Amino acid sequence: MSKVLTTCFRFNMDNPEHAKAWDYLHNYDKDKIKSTNVAAITAVNDYFDRMGKLADDPYFETRQREERFIQQIVSEVGKAFIAEMPKFLASLMLSLNSSYPVQFNEIRAVPMGTMDSRGYAVSGNPSAAEGFGNADNSENDDYSGIDFDFIGG
């Protein structure tokens, strides 16, 4: 058989702390807390557990506040990072696009049957360094077939 003990609490309603405790015990959310017994037991246990931690570690509360503050900072930095990411990616794409010179090389036809097993032409394939010699030579470029009206010119 289980042993049940009973105790009484006295609330002085002239004392604001007592009145506040009385209100908590009589106006709690019945869906979240089963009874005033559970609320009182939880409150007493939490209070004395906290007192024990403070006695063992005098900086317990300070460290808890610092951890909450750091978590708030990390959360806000994360939100700002996510908000600024599209702008950063757009500027990155624009800088990547403008850093490479535009090259116009002649298109060479590769006869049928002259490709290796990977699909590359066996002969007549210019090396990666070829073609850069004409990049600064604008006198050979013919732009007469391009309609520049789309840029207002």
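The values are calculated or read from the model by the stated rules, or taken from the named source; none is laboratory data. None of these values were measured; they are calculated from a predicted model. All Cβ positions, even for glycine, are placed from backbone atoms using ideal geometry, and neighbour counts span all protein chains on display. All accessible areas refer to the heavy atoms of the entire protein, side chains included, with ligands and DNA or RNA removed. Shrake-Rupley method; radii C 1.70, N 1.55, O 1.52, S 1.80 Å.
For the reader, a short list of remarks on this structure follows.
- Of the residues Phe11, Phe88, the one with the largest accessible area comes first in the ranking Phe88, Phe11, computed with a 1.4 Å probe on protein heavy atoms.
- Between Ser95 and Ile73, the distance separating the two model label sites (each 7 Å from Cα on the Cα→Cβ line) works out to 2.7 nm.
- The share of accessible area on region 16-56 that comes from carbon and sulfur is 56 percent, using a 1.4 angstrom probe.
- Only Lys, Arg (+1) and Asp, Glu (-1) charged, at Cβ; region 16-56 dipole about Cα centre in debye: 100
- Rounded, prolate or oblate (a/c below 1.5 giving rounded, otherwise prolate when a/b exceeds b/c) for region 16-56 by Cα gyration tensor: oblate
- Taking Arg68, Arg10 and ordering them by how much accessible surface each has at a 1.4 Å probe, largest first, produces Arg10, Arg68.
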